[in-house]
Amino acid sequence: MSSGAAVPTPSVPRPGSDPETGPTAGTVVLTAADISRALTRIAHEIVERNKGAHDLVLLGIPTRGVPLAARLAERLAAIEADGAPDPHAIVGELDVTMYRDDLHRHPTRTIGATRLPASGIDGKVVVLVDDVLYSGRTIRAALDAISDLGRPRAVQLAALVDRGHRELPIRPDFVGKNLPTSTSERVSVRLAEIDGAPAAGDASADAVVIRPAAAQPGSSEDGEARA
């Protein structure tokens with residue numbers, strides 16, 4: 001017999017839309033359209049800065065720097081219609097795990113793969129691509145990793161978001177959005193290639209979101225996972 005008291009039914013999150021990590025949690029500061037426009041602008045700036053797209057190598061820093069590098073390569077090929085480089089031939093990925101300066105604090109890490117284009121990086125202009133630039137320590141590790149792989153003519157840095165709070169004298173050459181943040185906030189980047197298709201009711205899997213510090217894992221947060 002029912003006592004008449006209502007029994008609360010626990011809410012079940014939709015697949016792909018976890019309340020902590022879904023693209024609609026927190027404050028959306030970049031939508032899919034914003035991200036697309038930012039990447040297109042960065043691609044034009046890279047071409048202008050380097051007087052073309054020849055001798056360029058784009059190295060994405062895992063995780064989300066890798067698909068961002070691939071998207072940039074496609075835009076570079078579209079901009080440089082005459083003699084444009086094959087976008088697949090100029091993209092690689094650079095794992096910096098063993099070059100980090102905090103291994104003694106977090107010794108258990110999964111070592112990823114480093115993949116360079118067949119042409120290598122010697123004499124090339126290497127553009128490092130990352131999603132969120134924070135303390136600069138990931139980029140310092142990337143520079144150390146590059147020095148073990150070859151001698152590029154120049155190294156440049158492209159970041160989708162620069163959230164400030166640098167701890168090292170590192171500055172990006174190309175930025176999608178400068179985003180003033182508090183150190184207590186988390187900047188999360190979601191990309192379709194990594195996070196999958198959007199759940200029902202979500203406009204897109206692509207988004208940049210600011211969350212309070214309590215919000216948790218599941219998306220890229222340079223300030224926490226790769227400071």
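The values are calculated or read from the model by the stated rules, or taken from the named source; none is laboratory data. All values derive from a computational prediction rather than experimental measurement. Quick reminder, even Gly has a Cβ in these numbers, built from the backbone with ideal geometry, and neighbours come from all protein chains shown. Heavy atoms of the whole protein, side chains included, go into the accessibility calculation; ligands, DNA and RNA do not. Shrake-Rupley method; radii C 1.70, N 1.55, O 1.52, S 1.80 Å.
Points to keep in mind about this one:
- Among beta bridges that DSSP assigns inside segment 64-189, antiparallel share in %, nearest 5: 10
- Across segment 90-105, coupling constants 3J(HN,Hα) worked out from phi with the 6.51/-1.76/1.60 Karplus curve, θ = phi - 60°, read 10, 10, x, 9, 10, 7, 10, 3, 7, 9, 6, 8, 10, 4, 5, 8 Hz, and Gly and Pro carry x.
- Between amide H atoms placed 1.01 Å from N, distances below 5 Å from Val91 occur with Leu58, all of them 5 or more places distant or on a separate chain.
- Nearest-0.05 FRET efficiency for Val28 and Thr183, computed from C-beta distance (R0 22 Å): 0.60
- Per-residue SASA entry for Thr110, accessible area with 1.4 Å probe, Å² rounded to 10: 130
- Integer Hz, Karplus 6.51/-1.76/1.60 couplings in order for segment 31-48, x for Gly and Pro: 8, 4, 5, 5, 5, 4, 5, 4, 5, 5, 5, 4, 4, 5, 5, 5, 5, 5
- 3J(HN,Hα) from dihedral phi, segment 176-190, Karplus parametrisation 6.51/-1.76/1.60, rounded to Hz, x for glycine, proline: x, 8, 7, 10, x, 9, 8, 5, 8, 9, 10, 10, 10, 10, 10
- At full extension, Arg151 and Ser36 could sit 38.3 nm farther apart than now, given 0.36 nm per residue minus the alpha carbon distance.
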